[in-house]
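What follows is one structure encoded as structure tokens, with my remarks underneath.
The values are calculated or read from the model by the stated rules, or taken from the named source; none is laboratory data. Computed from a prediction, not measured in an experiment: that's the story for all the values here. Note that each Cβ is placed from the backbone with ideal geometry, even for glycine, and that neighbours are counted across all protein chains shown. Note: accessible area is taken over every heavy atom of the protein model, side chains too, but ligands, DNA and RNA are not part of it. Shrake-Rupley method; radii C 1.70, N 1.55, O 1.52, S 1.80 Å.
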Amino acid sequence: MGTADDVYCLSGGLITWREYEREAVLEQVGGGEGAFPIPSNVRNDLSGRVAGPAIQAGAINGDVNITMTGPPSVAEATDEVLAEELRRSSQIWRARFSSVDLVNLPRMAMLAQSNAVAAAARRAGLDSTSPFDGQGMAPGDFVRIVRPLFETWDAEAVILCERTVEKVHRGLLVSFEGAMHCRNPPDVPLKGPTGVLTKDPHLVFPIGARKVVVTFDPRWLTTSTATTTLHEAAQEPLVFSGIGTVASVSAGGQIRISALVFGQPETLAQAQFEYAKKSLIPAPPGLTSADFHNELSRSELHQLCRDQLRERRSVSRKSVALLFDEDEVLPGQIDRDVLAQVSRVVPEYRRDLGVAVASLFFNGNGVTAADLAAHFLAREPALWKTLTVPGLTALIKSCNLAVSTVSGISEEQTADLDASMRETASSYLGCVEIDRNLPLHKRLLPERDDYHVAGAELRLIYSAAKRVLDESNGEDLEEPLNEWRRRGLFRSVKWEEDLEQSAAEEKDASMLIQAWLNAQSE
């Protein structure tokens, strides 16, 4: 990153770094809410997505040619290292709230995901240019609509924790969660901030040796209940979760965050109650409280980690289903991502794995998304999984899903594969152990493999009928092999016939021919 005085060449004119940054920001947000149009190809109203990243060099009019006038300084090299550390500490922010207490609608326009929030406000009948107070029932309706939106949100933010708290800087988008006190809780009628911290309402909590202060504009508190909650937090700390920008970092160790959104995370009891309230069929055997943990909440992360460690003691081989957001992937991307990470986490001498990729269609047939999620995840004894019933319910309702099955993998390798996929594939959502005796697994998951990984060799599976069809269509049978060879993940790549599938297809073909002959002889 350049300094304020570094000179750049942009479309034939010389500008400073500070001027370049200002021009880029104006290019992004100059149109206000209209700068983030809702793409026509979004298939779910609450997906929270836009077409393409928020800022790209190509978004600036004219040709871009950025060059520094001198070599980077030592300080700048250090900044690059710090930026890389913060990048690795960032992740997609999602939150499952029991209550959404604050949404600063005007400032949400700085996020690429703001179009979905704006759509929720319009659907609720809100005037998004005016604070919530005095708009009747519209704010409550807005909270109802926007709460599930944040469960599938796609804003990438740095997690504010002990590992990152010493490295954050002004302007950084961060997510935060903790037990907080409220200082100067707001009084009714709600008024805008004065800019004096000793007078304005704010949340306070410690992270390591740092004091974190979350400031907010009380006029954008969603309901009167939110105001009451903040008064309760003035008496004893309450857990809040949210997202905001770092407004300042003082030499004395205080970090001030300007909140965009915050609320209280959903509790285990609330998640179980919501499921019981919406379910239309009896709960499946083996459904436990662990299936309702708020996996999006850092306050419950320690419990999930302990459960995960207990489950990793087994070395038995199993099959798992990895779930992906199909709206976020290109053709063949899931295949590449899964096979690359399988090669990374499973030792070559232990590889005898089957892999398949398919779309995952949850058809309700009169039951709710919560019912589908529960019956997909629950079994006695419990399945190994990283998904929860509320989490999968939200995904079924909000995005189109794809699945990759991996067979012949141990629980420990599955845990490593899950962690590796989370680091490398933004479209990855989680995984669950496969049990073909479960009706939903048998009906929804692919039955046959697309790939066979044996040691350092990748084998592409084919059947007799598919081979005949490809040859009749003039397909180049070497091209799929060459494509994988060019990637260099495996020492060798070849075709492997699925003999069982070929035999079944030949049997079906013989029956059709015999039926046709019988019809001709009559």
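The accessible surface of the range 320-402, taken with every protein chain in place and a 1.4 Å probe, is 49 percent carbon and sulfur. Per residue, the convex hull spanned by the alpha carbons of the range 459-519 comes to 67 Å³. Once C-alpha pairs closer than 8 Å and six or more residues apart are averaged by separation and normalised to the residue number of the range 128-223, the relative contact order reads 31 percent. Restriction of the GluC sites (Glu not before Pro) in the range 157-227 to DSSP coil positions whose beta-carbon has at most 12 other beta-carbons within 10 angstrom yields E162. For the range 388-463, a crude dipole built from +1 on the beta carbon of Lys and Arg and -1 on the beta carbon of Asp and Glu, taken about the Cα centre, is about 460 debye to the nearest 20. Trypsin sites (Lys or Arg not before Pro) within the range 388-489: which are DSSP loop residues with at most 15 other Cβ atoms inside 10 Å? Hits after loop and neighbour filter: R436, R448.
Rg ratio for the range 91-179: its Cα radius of gyration over 2.2 N^0.38 Å, N being its residue count, equals 1.19. From the Cα gyration tensor of the range 375-522, with a ≥ b ≥ c the square roots of its eigenvalues, which class applies: rounded if a/c is under 1.5, or else prolate if a/b is larger than b/c, or else oblate? Oblate, because a/c is 1.5 or more while a/b does not exceed b/c.
Neighbours of I255 by Cβ distance under 13 Å: Lys/Arg scored +1, Asp/Glu scored -1, total +3. Rolling a 1.4 Å probe over the protein heavy atoms of the range 109-148, with every protein chain left in place, gives an accessible area that is 54 percent carbon and sulfur. At full extension, R467 and D508 could sit 13.2 nm farther apart than now, given 0.36 nm per residue minus the alpha carbon distance.
Each of W220, Q270, S289 was placed along the dipole of the range 178-293 (beta-carbon charges, centred on the mean Cα), and the one lying farthest toward the positive end is W220. Solvent exposure of Y275, expressed as accessible area, is near 20 Å², computed with a probe of 1.4 Å over the protein chains only.
Rolling a 1.4 Å probe across the protein heavy atoms gives the range 217-288 an accessible surface of 44 Å² per residue.
When each of the peptides 148-155, 204-211 is scored by how many other beta carbons lie within 10 Å of its residues on average, the order from highest to lowest is 148-155, 204-211. Here V329 sits with roughly 30 square angstrom of accessible surface, probe radius 1.4 Å. Each Lys and Arg contributes +1 and each Asp and Glu -1, all at the Cβ; summed about the Cα centre of the range 133-231, the dipole is approximately 340 debye. For the range 248-301, carbon and sulfur atoms together expose 61% of the accessible surface, with a 1.4 angstrom probe and every protein chain in place. Per residue, the range 352-433 exposes 30 Å² of accessible surface when a 1.4 Å probe is rolled over the protein heavy atoms with every protein chain present. Could you work out the local net charge near E505, counting Lys and Arg as +1, Asp and Glu as -1, over the other residues with Cβ closer than 15 Å to its Cβ? The answer is -4. Summing Lys and Arg as +1 and Asp and Glu as -1 over all other residues whose Cβ lies under 11 Å from the Cβ of Q272 gives a net charge of -2. Sites listed here are GluC sites (Glu not before Pro) in the range 451-520 whose DSSP assignment is loop and whose Cβ has at most 16 other Cβ atoms within 10 Å: E475, E478.
Beta bridges from DSSP with both residues in the range 398-522: antiparallel share about 40 percent, rounded to the nearest 5.
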